[in-house]
Each structure stands twice: as C-alpha cells, then as structure tokens.
1. Output yes when any residue across the stretch 45-61 is surrounded by 20 or more Cβ atoms within 10 Å (Cβ to Cβ), modelled with pLDDT under 95, within 19 Å of D156 (Cβ to Cβ) and not β-branched (V, I, T), and no when none is.
2. Checking the conditions here, which among F146, F115, F154 is touching a Ser or Thr at 6+ places or on another chain (Cβ under 8 Å), of a type in the set (F, W, Y) and in contact (Cβ under 8 Å) with a residue 24 or more places away in the chain?
3. Please work out if T35 is surrounded by fewer than 12 Cβ atoms within 10 Å (Cβ to Cβ) and either within 16 Å of the chain's Cα centre (by Cα) or part of a helix (DSSP H, G or I) (or both).
4. Within the stretch 13-32, track down each residue that is more than 18 Å from F146 (Cα to Cα) and either of a type in the set (K, R) or in contact (Cβ under 8 Å) with a residue 24 or more places away in the chain (or both).
5. Which residue pairs have Cβ atoms under 9 Å apart, sit 6 or more places apart or on different chains, and have a first residue in the stretch 78-106 that is farther than 27 Å from I41 by Cβ and a second that is at pLDDT below 95 and among the aliphatic types (A, V, I, L, M)?
6. What number goes with the only condition from (1) β-branched (V, I, T); (2) surrounded by 14 or more Cβ atoms within 10 Å (Cβ to Cβ); (3) farther than 15 Å from I152 by Cα that T20 does not pass?
Amino acid sequence: MLKIYTIKNSKEEKFLREKTDEVSKSQIEDKEFQTFIDNLIYTAQKFESEDGYLSVGLAAIQVGKKDKLFAFFREDIQDFEVMINPEIEIVSPIQEIEKEGCLSIPGVEGKVARFRKIRVRYLDRNGKRKRETFTRMDAREIQHEFDHTQGILFTDKLID
C-alpha cells in the first residue's frame, strides 16, 4: 500500500499543489512504472480513510509521484481504470453540485460544481490512445482526479 500525501503535512501539501509532468511512452513501457500503476490501483482499492471513506480515485501526485496519471473507479465496468496524460473537453455546460471529499484532505467534505458530461483523450496503462465520453459520477471523479494533476484541490472549488 502506498503512502497517501495529505495537507496535514506542509511539505506534502506543497507537493500536492504542483502540476504534474507528462508521461513518456518509454516510461509506460517500463516494468517499474507498470508496477507503480499496480500499486496505485491496489492502494485506491484498499485504502479506507480514518473517517471510513473508501477511495473512488487516486492520482499519482497523491502518493508522491509527479506523473500525470490517475486511477478511478469506473461505474460501467465496476473496476478501476488508469488514465495517463488525460485531456478533458467539456461536452455540455450543465453542471451538477455534489458533496466531495478527498483522501489527501481527511475529515473535510464540501459541495463542488462539476460538468455533467465530458470527453477525455488519454493513454491507457499500455500506452494505447483512447477518447471517450463520460457522464455523471464518472465525469465528476475524472474532473476531481484531473484537478490533482494540475495542483488543484477540491477545497479550492467549494461552493457555499
């Protein structure tokens, strides 16, 4: 299980606020990198926060790796999927406001507006290019994790 960085530690919070770096094809093909992806998914699947929440997503930056990638629980396949170097396009301007939390900000929840429908271009864990449209909870989770790759925390977007 990988250690999850939190805002409780000022050095970790500073790191969480950094932008991540693009992942190269050679990195993706590296055995050590693939092991990291396995460990990231395992941590996302098994981690339970001190207040009893299970993870539905985890970005590499949250475990101390400055790579532009994350794993999220995909509703339609009921399993975690990895997105490497994701790029988001808003398909519909309609937003939904829902309560969010984050493993890196234990004990805090708040309402955040997210786009209901997005299109994402990304590489899968094998480096294959993909382009898919996501809605509702998947879209919300992807946007939350994508924000992590940009050094943005959900608390930066709270709505009163």
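1. yes
2. Of F146, F115, F154, the one residue that is touching a Ser or Thr at 6+ places or on another chain (Cβ under 8 Å), of a type in the set (F, W, Y) and in contact (Cβ under 8 Å) with a residue 24 or more places away in the chain is F115.
3. yes
4. Once the filter is applied, which keeps residues that are more than 18 Å from F146 (Cα to Cα) and either of a type in the set (K, R) or in contact (Cβ under 8 Å) with a residue 24 or more places away in the chain (or both), the stretch 13-32 yields K25, Q27, I28, E29, K31.
5. I97/I159
6. Of (1) β-branched (V, I, T); (2) surrounded by 14 or more Cβ atoms within 10 Å (Cβ to Cβ); (3) farther than 15 Å from I152 by Cα, only one is false for T20: (3).
The values are calculated or read from the model by the stated rules, or taken from the named source; none is laboratory data. The structure displayed is predicted, hence computed values, not measured ones. Neighbour counts run over all protein chains shown; Cβ positions are idealised from the backbone, glycine included.
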